[in-house]
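Below is one structure, written out as structure tokens; comments come after it.
The values are calculated or read from the model by the stated rules, or taken from the named source; none is laboratory data. Just so it is clear, the model here is predicted, and its values are computed rather than measured. Glycine also receives a Cβ, built like all others from the backbone with ideal geometry; neighbour counts cover every protein chain displayed. SASA here: full protein model, heavy atoms, side chains in, ligands and nucleic acids out. Shrake-Rupley method; radii C 1.70, N 1.55, O 1.52, S 1.80 Å.
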Amino acid sequence: MASETFHGSCLCTSITFDLTGLPEKVFACYCKDCSKNAGGAYQICAKYDRSQVTIRDPDNKQATWIITKTLSGHDKHKIFCSQCGCTMWTIPMNHGGEKMIVRTSLVDEG
Ligand SMILES: [Zn+2]
Ligand SMILES: [Zn+2]
């Protein structure tokens with residue numbers, strides 16, 4: 001597999017990121033958090049290893065909302081832009097914080 005790089009950003013582009021390589025998996029998540037967040041029945045999510053994600057946040061706009069009521073019983077850290085309120089990704093603590101669930105709707109191309 002050739003390593004592809006995807007670029008994305010939040011709505012106000014304060015936070016930009018690169019995704020290197022292919023995600024471990026892509027799935028539609030129907031959980032309550034995702035449907036609320038997406039404003040629809042589900043959200044398309046891609047699971048990446050933390051090492052595959054390069055984040056640029058020069059103005060320190062990243063903020064964290066910790067979800068403690070999860071199906072797995074492990075906390076989820078939802079990272080969002082404190083300027084535009086756009087959700088960037090979720091870090092489930094049941095993988096030791098090494099996996100990132102990225103919202104594919106933020107990716108600019110593809
Ligand atoms: Zn933003
Ligand atoms: Zn979900």
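Things worth noting here:
- √(5λ) per eigenvalue of the Cα gyration tensor, the chain, largest first, Å: 20, 17, 14
- Value of [θ]222 nm, deg cm²/dmol, for the chain, DSSP H segments ≥ 4, -39500 (n - 2.57) each, nearest 500: -1500 deg cm²/dmol
- Solvent-accessible ranking of S14, S72, largest area first, probe 1.4 Å: S72, S14
- Among I15, L71, C84 the positive-end extreme of the charge dipole of the chain (Cβ point charges): L71
- Computed magnitude of the charge dipole of the chain (debye, nearest 20; Cβ of K, R +1, Cβ of D, E -1): 480
- With 20 Å as the limit, the listed pairs K25/K99; K36/K99; K36/K76; K36/K78 have K36/K99 beyond it between alpha carbons.
- Per residue solvent-accessible surface (Å²) - segment 5-106, probe of 1.4 Å: 55
- Across segment 55-110, Cα-Cα pairs farther apart than 14 Å form 58% of the total.
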